[in-house]
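Here's the structure we're looking at; comments come further down.
The values are calculated or read from the model by the stated rules, or taken from the named source; none is laboratory data. The structure presented is a predicted model; accordingly, all values stated were derived computationally and were not measured. For neighbour counting, all protein chains shown are included, and Cβ atoms are generated from backbone atoms with ideal geometry for every residue, glycine included. For the accessible areas, the whole protein counts, side chains as well, though only heavy atoms, and no ligand, DNA or RNA atoms are used. Shrake-Rupley method; radii C 1.70, N 1.55, O 1.52, S 1.80 Å.
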Amino acid sequence: MKEQIFPENFLWGGAVAANQCEGAYLEDGKGLSIQDVLPHGICGERTKEPTADNLKLEGIDFYHRYKEDIRLFAEMGFKVFRTSIAWSRIFPKGDEEMPNEAGLRFYDDLFDECLKYGIQPLVTISHYETPLHLAEAYNGWLDRRMIGFYERYVRTIFTRYRAKVRYWLTFNEINSILNSPFMSGGINTPKEELTETQLYQAIHHELVASALATRIAHEIDPGLKVGCMILSRPVYPLTPDPRDVIQAMEEEHRHSVFADVHARGEYPGYAKRYFKEHGIRIDITDEDREILKNTVDFISFSYYSSACASADSEKGVKGTGNLLAGASNPTLKATQWGWQIDPMGLRYVLNQFWDRYQKPLFVVENGMGAVDELTEDEVGNKIVLDDYRIEYLREHIIQMREAVKDGVNLMGYTSWGCIDLVSASTAELRKRYGFIYVDRNDDGSGTLERYRKKSFYWYKKVIESNGMEL
Ligand code: BGP
């Protein structure tokens, strides 16, 4: 028996989001969400109404097939399953007084199904799926009234599911609002027209709503654990030139303010300086300041890639990554979608978060989007030989192990897209992340049948051995 590194109760599992897998976009009283009018992901135009080319409307039909999918997760030995609640199933328009019972019942059944196999649900309250009405009638998080709508929503779900769901995340990749104000913050005003004061006001409303959710969760049940969810991406200086180092620090500050407020309960000095020097005036009430003191129980984050910063704008060759572009790192390779692969960066961010906050950490997204080919094994079973995915995940788990050896308190790991689903940034199906292949293609064809990939069997062993057999 090899020496154990991960704690015995380490939460291994996988992650999805409602809008990328459920489909059934109008079923059982669901209202429209902003995703229903974003057929081409963040990079594409939004439409006036849902259009047939929007793959998310049907997703992978998880809404009807979740029992089969959870059975497969259980076969891999999942201890935890991260999904989100589609806000517009519970409050179809977002500003109603009363929730939609049919929507609530769906998640009751889904969570029961997980618990049947001893799988803990880890639930994102808002994962890029704000009810469309809130975007159109209120301009999303720009409007302070959003805090009240969100409060009603979280009270409803915490009360309803308190016995079933222990772990909650308030906003998926909350810092992504800096780059994607509509998808992340339901803000209707076009990005180019949005002032920095407006953007930071919207961010402030979300931060208050998030802290309020933590307070409410603890009031309803002190056993509930609430975390923030940050898009993490370490920024390295492109060269040892101190100006590049400072540039990297400032780029990191743009993002670290989100975790700082969540973990420390107030805005850090560098943010106050930035607001002052950029003429940003945010309406922060005394009550807001009190609410922000309700800090999170743990910090969760996604990790896909790192970036470099250069003080010289000419040198800052723009690479691509999930939602955030930065200068490419000349020492790293990239995925087919140009996301640079940097497993050591994961050890680095884990240490950064731990050193800064001393709060438990949870890696709730990590993975490799790739084109897969469905083939047959020697006995004629359909399979995908996804050694590249195994390699990617193995390297990242090795670095997680290193971080735990460094003393980081890590609660768990949920790889992204444990079953193939529609991608967020480009809304494609051919960009696959799963251990389970779903027969559905970008032209909408396919049987929706599920097939185990080679990585399925690999991940099962990883979980069985608690991360020792990679
Ligand atoms: C994160 C999102 C996810 C997810 C993932 C992969 O930014 O939280 O929703 O999709 O990135 O990105 P993509 O789907 O664009 O490959």
Can you say whether Leu470 is within 16 Å of the ligand (Cβ to nearest atom) and either more than 25 Å from Ile70 (Cβ to Cβ) or touching a residue at least 60 places away in the same chain (Cβ under 8 Å) (or both), as far as the supplied structure shows? no
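Can you name every residue in the range 446-457 that is in a helix (DSSP H, G or I) and surrounded by fewer than 19 Cβ atoms within 10 Å (Cβ to Cβ)?
Result: Lys454, Tyr457.
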For the range 356-395, name all the residues that are within 16 Å of the ligand (Cβ to nearest atom) and without any contact (Cβ under 8 Å) to a residue 60 or more places away in the chain. Tyr388, Tyr392
Name every residue in the range 405-445 that is surrounded by fewer than 18 Cβ atoms within 10 Å (Cβ to Cβ) and more than 14 Å from the ligand (Cβ to nearest atom), in order of residue number. Lys405, Asp406, Gly407, Asn409, Asp439, Asn441, Asp443, Gly444, Ser445
Can you tell me which residue is nearest to Trp337 (Cα to Cα) among those in the range 259-290 that are among the hydrophobic types (A, V, I, L, M, F, W, C) and open to solvent by 10 Å² or more (accessible area, probe 1.4 Å)? Ala263
Just give me the residues in the range 151-198 being in contact (Cβ under 8 Å) with a residue 60 or more places away in the chain, more than 16 Å from the ligand (Cβ to nearest atom) and touching an Asp or Glu at 6+ places or on another chain (Cβ under 7 Å), in sequence order. Arg162
From (1) more than 16 Å from the ligand (Cβ to nearest atom); (2) open to solvent by less than 20 Å² (accessible area, probe 1.4 Å), pick out the condition that doesn't hold for Lys460. (2)
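Please count how many residues of the range 209-231 are under 15 Å from Phe149 (Cα atoms) and over 19 Å from the mean Cα position of the chain (by Cα).
Filtering the range 209-231 for residues under 15 Å from Phe149 (Cα atoms) gives 209-213, 216.
If we keep only those that are over 19 Å from the mean Cα position of the chain (by Cα) too, we end up with 212, 216.
The number of residues fulfilling the criteria is 2.
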Could you please find all residues in the range 330-350 being out of contact with any strand residue (DSSP E or B) (no Cβ under 6 Å at 6 or more places or on another chain), open to solvent by less than 60 Å² (accessible area, probe 1.4 Å) and over 14 Å from His396 (Cα atoms)? Thr335, Trp337, Trp339
Within the range 173-182, can one find any residue that is aromatic (Phe, Trp, Tyr), assigned to a helix (DSSP H, G or I), at pLDDT 95 or above and within 30 Å of Glu68 (Cβ to Cβ)? no
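In the range 334-416, which strands (runs of 3 or more DSSP E) lie fully inside it and hold 2 or more residues that are more than 18 Å from the chain's Cα centre (by Cα)?
Where strands (runs of 3 or more DSSP E) fall fully within the range 334-416 and carry at least 2 residues being more than 18 Å from the chain's Cα centre (by Cα), they are 374-376, 382-384.
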Lone qualifier among Asp387, Asp355, Asp377 - being open to solvent by 10 Å² or more (accessible area, probe 1.4 Å) and within 30 Å of Gly265 (Cβ to Cβ): Asp355
Name the helices (runs of 4 or more DSSP H) wholly inside the range 49-153 in which the number of residues that are closer than 30 Å to Leu11 by Cα and open to solvent by less than 10 Å² (accessible area, probe 1.4 Å) is 3 or more. 62-76, 87-90, 101-116
Filter result (away from the ligand (no atom under 16 Å from the Cβ), of a type outside the set (A, V, I, L, M), touching a residue at least 40 places away in the same chain (Cβ under 8 Å) and not in a loop (DSSP other than H, G, I, E, B)) within the range 1-32: Trp12, Asp28, Gly29
Collect the residues in the range 189-206 that are outside any helix (DSSP H, G or I) and open to solvent by 40 Å² or more (accessible area, probe 1.4 Å), keeping them in residue-number order. Pro190, Thr195
Within the range 33-87, work out how many residues are within 15 Å of the ligand (Cβ to nearest atom) and free of Cβ contacts under 8 Å to residues at least 24 places away in the same chain. 0
